[in-house]
Structures are given as structure tokens and as C-alpha cells.
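The values are calculated or read from the model by the stated rules, or taken from the named source; none is laboratory data. Model, not experiment: these values are computed from the prediction. Quick reminder, even Gly has a Cβ in these numbers, built from the backbone with ideal geometry, and neighbours come from all protein chains shown. These accessible areas exclude ligands, DNA and RNA; they are computed on the full protein's heavy atoms, side chains included. Shrake-Rupley method; radii C 1.70, N 1.55, O 1.52, S 1.80 Å.
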Amino acid sequence: FIFSREFGSYVAEAKPGTLAFDLLEYMEHVVVADESFFGTLLRATEFCTKLNNNNLLHISFDRWENEEKGERDARKCIMADRDHCGRSPTIMTTDYAAVLELSGQLFARKFDDDTDSDIKDYLDALRQREALELKGEIEESVKQATAFEGHGVLIVAKDTINTEVPLCLGLGEARNKVRLVPCFEDWVPETLAPNWETGAVIVEETILHTRWSIGPCSKDGSLERSVETAELLMTPGNFSSVGPRCMLTQVDGIREGRCLDGENGMQETPGGTTQVFPCAKRWHQFFSFGNGDEVPKNSIHVSIPRHQVHRLRDVGYPEQEYYLCLGVRGRGAADEPNWQPDPVMEEGEDLFPDEDNLEGEPLHKWNGMQIVATRCSNKGAVIEWVYVPFIVETDNSGEGKGKDDNSEATNDQTVTLEGGRGKDSEEEESNEEL
């Protein structure tokens, strides 16, 4: 950290009667005293009004000290039970590349070449490319947040496209739970043209909390929306075999700006029921899109850091996988047997229909039920998704038609075809690129 000459003098002099003087003797008996001493003085003295608590450093604590293999440093744990220790900073690996790239911070720790040297090569390549882009020596190689013109996207369960009630990734009427919900108002499905998913939809026709923003995304690899199938086509990068990792955020409603989160923290293993939470830029809030190689095609998935997978395998979960896909409970052949009931489930709420032999049943039976992050090998449970951009009705002034404006479009109004097509048009433009 950086401190002022005034604060430095206060600490160095430590005059009797000041907190600095009294705290010095106490800190002689504290483990890693420097991490407590300066922060305590800054927070508990007149300097508290001058503190800027942002050191531009990314650091993650998701590895417990007692999880380390081999000989442990006894000085890091003063508890009577040596297995009840605190956390040490996680060593940054390529598993955290997207987190580092999109963190907005200038610095990070910890790095260890013996554990993973590729992460530094990744960051060097990223910075070199960004420098050349800024100088105008190369074109921006990956376009971000431009595919849907800022209007958002409807994420549709592929198996339900041609059903009476197409289902989408969305939220319920209350709380933060992510569910499989109807995409449209009741009167809309019967008006949809064939292959409607390859075009675009109007905000006023969709249910609240079904509009998502994809991005920002990491730049290793590429994503492209096919106008023929509405799928997101993923190309792996030089470092990431699963391509770009993106945040999925709610576009409107009272949960606008909240991020889809693939880890509920209530299970012994990663995954479980999904929710939207404030964006914390953790690994379980970065999603990739399957191309059929390592994970099912058209799936949405998170990548579990390798050190967590190895730890889980060591402590009794040998089948723990590296990827978690969005799906439903009860429809697959390999649901996690160790999952515990969600303690915040509402009365009468279920994760799957109250029927026997649900494996392979039509997905519409899970209408309104919560989406889970399950192992990607759980065939039948994992959902394939397609992506339908929104268009915004505008009048001749270019101003958008509000969500609460239920008036019909007149001859004086036009429909912008940004990222899609008009409702009655079957003509397509070129592929859209993320």
C-alpha cells in the first residue's frame, strides 16, 4: 500500500497516549502483524476519512491452508486444531485467466511458475495485443458486447422452440432464483412464424426477467451467432480450450445488473441451484458455450478451477468433473447423489415434477422450476440453448418505445433491425459476431 508522509510520521513516532503506541506492544504477539497493524491504525484514527480502500490488486482466497499438501508452515496457523486454519491467496492459473482479464485491476497475486507458468504468457499476449490495438497497428481482434446492439438476448431452451410454450432462462416472480420460464406473453406463441428463433423478438412480447446481456467476455477464442440456427458457435483460443468466458447479466427489472451464478455454496461439491447475485467476478460467474468437444454442444457451462477438482477427488469425490452445465434436476441419468435440499426453497416448490421415471421426459414439464448447475456428463439434464436478440420499436425521432407503452405500432413507427429481423421477414443478414 501507499501512505502519506503525515501517516508515516504518526506511525514512526508512536507517541505515548496514541493508538500507535498502545498497539505496538500488542502486535508483538500477533501472527503476520503487518496485515493487521496498519489497517487498524487507518480505520481507528483520524486518518480513516482519508483512506482509499482500493489497492488495484486482484486477490482470491478460495484455498484453505489445511488443503495444502506436503509440509505446512506452522506459523500460518495458531489454532489448537492445526486443521482449522485460515486461507492463503489462491495461486493464479489459466483457470483464472478470464477473472484476471476482466477484473479491472492493475496487479494480482499469487503466481507460481512451478504450478502454472502459462498464465503469465496469457497475460503478456493479452497486453501486447491491447497495446497494438491502441496504436492502431492491428484491428480489434475480438468484438465485445456488439452482437445484440445493447438490447440484450433471449436465451431459449432449444427443445422447446416449437412447443406451445417456448421456455427461456429467466427468473421467478420473487427472489433471485434462476428458472426455466415461458419466454413470451400468453398470446404470442401462436403468432410466431416458423424458424422464429433465427430472427429477433420485441421486448414488449416477452416476460420480464428473460432479457440477458452476454459480456463482457474474455478475448481468448471467439463466439459467433449463427443466423441459420441461432446457436452460439465457439472457437477455442490459444490458451482456453473452452473459448471466451462471459458474464451473463439481467438487463431489466429490479434485478437489473445482477450476474448469473453457477455456485450456490450450499453443497459439498460445486454446483446446485442457480441464482443471480451481485457481480463479484468470481470463477462461478463466468460462463462458456459448448461446441461438443469437451462439453455438450450448445450448453452453457462454468469451469471449476483444477485445484478445487483435485482436492474434491482427494477427499472422496473421485467423479468430480471440471465443468458444470446449466440444466434441470431429475431429467438426467447422473444427478449428483450428494446434493442436499435447498434450505431457501419456498413451500410447495420442487426442483423436478412429482412423477416417476422422469429421465428423458419433455422439458416443458420443468416449466417454472429452478435451473441447476450439474455435471456436464449428466445426459438428459443438460439443456441446449439458442440465442434470439431483441429489437426495439422506435418512432421517427429514434426514441425507443417504453416497456409500459402498450399502444400498437402505427405507420409512423419503424422497427430497428439491429442484430435480427422484423417479425414477418425471413431474410437474414450475415452472421453476428460477439
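Figures for the structure shown
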item: Members of region 233-254 found to be closer than 16 Å to VAL302 by Cα and within 18 Å of the chain's Cα centre (by Cα), listed by number; result: MET234, SER240, SER241, VAL242, GLY243, PRO244, ARG245, CYS246, MET247, LEU248, THR249
item: Filtered residues of region 205-228 (kept if out of contact with any strand residue (DSSP E or B) (no Cβ under 7 Å at 6 or more places or on another chain) and open to solvent by 40 Å² or more (accessible area, probe 1.4 Å)); result: LEU208, GLU228
item: Condition met for ILE91 (surrounded by fewer than 16 Cβ atoms within 10 Å (Cβ to Cβ), under 21 Å from PRO270 (Cα atoms) and modelled with pLDDT of 85 or more); result: no
item: Which listed residue is open to solvent by less than 30 Å² (accessible area, probe 1.4 Å), assigned to a loop (DSSP other than H, G, I, E, B) and out of contact with any helix residue (DSSP H, G or I) (no Cβ under 9 Å at 6 or more places or on another chain), from ARG255, ARG175; result: ARG255
item: Test set (1) of a type in the set (A, V, I, L, M, F, W, C); (2) open to solvent by 10 Å² or more (accessible area, probe 1.4 Å); (3) at pLDDT below 95 - VAL201 fails condition number; result: (2)
item: Selection status of VAL315, modelled with pLDDT of 80 or more and in contact with a Phe, Trp or Tyr (Cβ under 6 Å, 6 or more places away or on another chain); result: no
item: From GLU71, GLU25, GLU6, GLU35, residue being open to solvent by 70 Å² or more (accessible area, probe 1.4 Å), at pLDDT 90 or above and not in a strand (DSSP E or B); result: GLU6
item: Strands (runs of 3 or more DSSP E) contained in region 328-421 and holding at least 3 residues open to solvent by less than 30 Å² (accessible area, probe 1.4 Å) and at pLDDT 90 or above; result: 372-375, 385-391
item: Pick from region 103-140, criterion small (Gly, Ala, Ser) and within 23 Å of the chain's Cα centre (by Cα), ranking: most open to solvent (accessible area, probe 1.4 Å); result: GLY104
item: Contacts under 9 angstrom Cβ, first residue in region 119-140 being without any contact (Cβ under 8 Å) to a residue 12 or more places away in the chain and of a type outside the set (Asp, Glu), partner open to solvent by 60 Å² or more (accessible area, probe 1.4 Å) and assigned to a helix (DSSP H, G or I), 6 or more apart; result: ILE138/ARG129
item: Pick from region 179-198, criterion closer than 30 Å to GLN275 by Cβ and of a type in the set (D, E, K, R), ranking: surrounded by the fewest Cβ atoms within 10 Å (Cβ to Cβ); result: ASP186
item: Tally of residues being touching a Gly at 6+ places or on another chain (Cβ under 7 Å) and touching a residue at least 60 places away in the same chain (Cβ under 8 Å) across region 302-335; result: 2
item: Condition check for THR274: among the β-branched types (Val, Ile, Thr), open to solvent by 40 Å² or more (accessible area, probe 1.4 Å), more than 30 Å from ALA125 (Cα to Cα) and modelled with pLDDT of 90 or more; result: no
item: Search result, residues across region 258-268 that are more than 10 Å from the chain's Cα centre (by Cα) and buried (at least 19 other Cβ atoms within 10 Å of the Cβ); result: ASN264
item: Qualifying residue in region 198-214 (condition: over 30 Å from LEU102 (Cα atoms), in contact with a Pro (Cβ under 9 Å, 6 or more places away or on another chain), assigned to a helix (DSSP H, G or I) and not aliphatic (A, V, I, L, M)); result: no
item: Residue, surrounded by the most Cβ atoms within 10 Å (Cβ to Cβ), within region 305-321, restricted to residues that are on the phi < 0 side of the Ramachandran plot and assigned to a loop (DSSP other than H, G, I, E, B); result: PRO305
